[in-house]
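Worksheet: one structure, shown below.
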Amino acid sequence: MEEELGRCVASWCFGATGVVGAAKLSGGASQDTWTFDIVHPDGNIGAILRRAPPGYGASPARAAGLDAEATLMQLAHDAGLPSPRVMHVLQPRDELGAGFIMQRIEGETIARKILRDAQFAKARPMLARQLGKVVAGIHALPASQLPELRQMTSTKEIADLEREYRSFDWPRPVFELALRWLRDHDPGPPQEVTLVHGDFRHGNLIIGPDGVRAVLDWELAHTGDPMEDLGWICVNSWRFGEIDKPVGGFGSREELFAGYAQAGRRADPDRVMFWEVMGTLRWGVMCCGMMQRFRIGPDHSMERAMIGRRSSETEIDLLRLLASRER
Amino acid sequence: MQDEPTPTELIKAVAEFLRNDIAPMIEGHNVFKLRVGINALDLVTRQLALEPDGNAAETARLSKLLGVQGSLGELNRVLADRIAKGEIGLETPALADHLWQTTMDKLAVDQPNYASYKREVESKGG
């Protein structure tokens, strides 16, 4: 791998003499992520490769595609948002598959560490506001410069979720109740359709002691209702036990909305609530999907099996949202 | 009739061995995997203990709520169908009570440490 990367890097990084320390960070069958250092006389440069290996061209139906991801990441970077700089988009002659190489940004993505470790104690109280500003910046990226993306609406999203849930053929009254609620409360098209990150939450945010350093993973980017991103980051599943701090377990909705307003955009709390319910149900349906893949798919892992048993977490959260027992 | 020890006793013995003797010996990603494995065994033990009573009570609630008899699977299908069609909803207080009880019983098996569950247990005294 280092040899292939070294050849690739030499073709666009002037002065680079090779690549060291290549290690796979994560990887499934169709996509993987590598970290490595570019050896350079001015000092090593930390880099990340995100790619579909040769032979894996097609991306799943909801995915934006790696070319679109690279374009969005670069657009965000150029707009001054916390985003890695894209250093190179892979070409066929690189023989590394499809994807891109970006600047490596140091920091933490693991929620439990961000929420508990002392080194993030100063960052935590400001994160919700910061992320409000950042996501407002994402929503302000000019439509004319965006790559081709799928356009989503709340109505389409409900139908997609329902189709997926029904495909499992396993009756879940709480999910039915949530689907019913979503259909009854569908807010319709937003005033303004914008770019939506689509997976704006822990795991896709690099956090340092100074706050948010980068937004990653544009795989689920699309255009649609900007309030979707604000609702998704409030889903209880991403609070990791800190359930009284709706934004990622570190902040309040008010702080998130204030940051959003500071960047010149107004949050719509009712729509955000709608998308929070949708997001909670979506994660629940995804957990059921993991169970299916465990049973019928190639990934017969214990971890995947156990994620199937987490869908009930979203059921209690849906009941807390829709049928609260508090007086 | 099968002999003893019971499935619960066997699983608990295996989980204890993994927790006490194996966990301290391994490192890296396998630490995480072993923890998931022990969690799975603990979950099975809880299910063996709680499922019979929970299922019986759920079946009884469903029969009363829906006014029909059937297996637990059949009754859940009927309920799901009626909710989807809008024939029953949260305006029926017994529905909310049933869904809450059923969900609490599931969490007691699946994830008794989940914060939302613990909060509901505290506020309702069990």
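At 0.36 nm per residue, minus the direct Cα-Cα distance, what do A:ALA159 and A:ARG116 gain on full extension? Give it in nm, one decimal, please.
On the way: separation 43, 0.36 × 43 = 15.48 nm, distance 3.79 nm.
Taking 0.36 nm per residue and subtracting the Cα distance, the gain is 11.7 nm.
When Lys and Arg each count +1 and Asp and Glu each count -1, what net charge do the other residues less than 11 Å away from A:ASP32, Cβ to Cβ, add up to? It would help to have the intermediate numbers written out before the result.
Details: positive: A:LYS24, A:ARG50, A:ARG51; negative: none.
Local charge sum for A:ASP32: +3.
Only four residue types carry charge here, +1 at the Cβ of Lys and Arg and -1 at the Cβ of Asp and Glu. Report the dipole size of the protein assembly as shown about the Cα centre in Debye, rounded to the nearest 20. Before the final figure, lay out the partial values.
On the way: 53 positive and 63 negative charges, 115 e Å.
Computed about the Cα centre, the dipole is about 560 debye.
Can you tell me what share of the DSSP beta bridges in the protein assembly as shown is antiparallel? A percent to the nearest 5 is fine.
95 percent
Using a/c under 1.5 as the rounded threshold, could you call the stretch B:1-55 rounded, prolate or oblate? The axes a ≥ b ≥ c are square roots of the C-alpha gyration tensor eigenvalues, and prolate needs a/b larger than b/c, oblate otherwise.
oblate
Residue by residue, what Karplus-based ³J(HN,Hα) values in Hz, rounded to whole numbers, does the stretch A:128-139 have, using 6.51, -1.76 and 1.60 with θ = phi - 60° and x for Gly and Pro?
My calculation for the stretch A:128-139 gives 4, 5, 4, 5, x, 5, 4, 5, 5, x, 5, 5 Hz in order.
For A:ALA221, enumerate residues with amide H under 5 Å from its amide H, sequence gap 5+ or separate chain, H modeled in the peptide plane.
Result for A:ALA221 returns A:ALA64.
Give the calculated FRET efficiency between A:LYS24 and B:LYS85 to the nearest 0.05, with a Förster radius of 45 Å applied to their Cβ-Cβ distance.
Working: r = 49 Å, r/R0 = 1.09.
Approximately 0.35, to the nearest 0.05.
About its Cα centre, what dipole magnitude does the stretch A:94-251 give when the only charges are +1 on Lys and Arg Cβ and -1 on Asp and Glu Cβ, stated in debye to the nearest 20?
700 debye
Tell me, what is the percent relative contact order of chain A, built from C-alpha pairs under 8 Å that lie six or more residues apart?
Dividing the mean separation by the residue count of chain A yields 16 percent.
About the Cα centre of the stretch A:182-327, what is the dipole size in debye to 20, counting +1 per Lys and Arg Cβ and -1 per Asp and Glu Cβ, all else neutral? Numbers along the way, then the final one.
Details: 18 positive and 23 negative charges, 87 e Å.
Approximately 420 debye in magnitude.
Rounded to whole Hz and in sequence order, give me ³J(HN,Hα) for the stretch A:187-195 from the Karplus expression 6.51 cos²θ - 1.76 cosθ + 1.60, θ = phi - 60°, writing x for Gly and Pro.
Computed from phi, the couplings for the stretch A:187-195 are x, x, x, x, 4, 9, 8, 10, 5 Hz.
Using Cα-Cα distances under 8 Å and only pairs 6 or more residues apart, what relative contact order does chain B have, in percent?
20 percent
What value, in deg cm²/dmol to 500, does the helix sum -39500 (n - 2.57) over DSSP H runs of n ≥ 4 give at 222 nm once divided by the residues of chain A?
Estimated from H runs of four or more residues: -12500 deg cm²/dmol.
I need to check one value: relative contact order of the stretch A:1-111, counting alpha carbon pairs closer than 8 Å and at least 6 residues apart, in percent. Write out the running numbers ahead of the final one.
Numbers: 200 pairs, mean separation 24.4, N = 111.
It rounds to 22 percent for the stretch A:1-111.
Assuming R0 = 35 Å, what is the FRET efficiency of B:ALA13 and A:MET1, from their Cβ-Cβ distance, to the nearest 0.05?
In this case the efficiency is close to 0.20.
Quickly estimate the mean residue ellipticity at 222 nm for chain B, helices only: each DSSP H run with n ≥ 4 gives -39500 (n - 2.57), and the total goes over all residues, rounded to 500.
One gets -24500 deg cm²/dmol as the mean residue ellipticity at 222 nm.
Let me make sure I get this right: for the stretch A:113-250, a, b and c are the square roots of the gyration tensor eigenvalues over alpha carbons, sorted descending. Under 1.5 in a/c it's rounded, otherwise prolate if a/b > b/c, else oblate. Which is it? Let's see the in-between values first.
On the way: a/c = 2.25, a/b = 1.32, b/c = 1.70.
Because a/c hits 1.5 or more and a/b fails to exceed b/c, the stretch A:113-250 counts as oblate.
A short reminder: the numbers here are calculations on the coordinates, not readings from a lab. Every value quoted in this text rests on a predicted model; they were computed, and no experiment measured them. Positions of Cβ are backbone-derived with ideal geometry, glycine not excepted, and every protein chain shown enters the neighbour counts.
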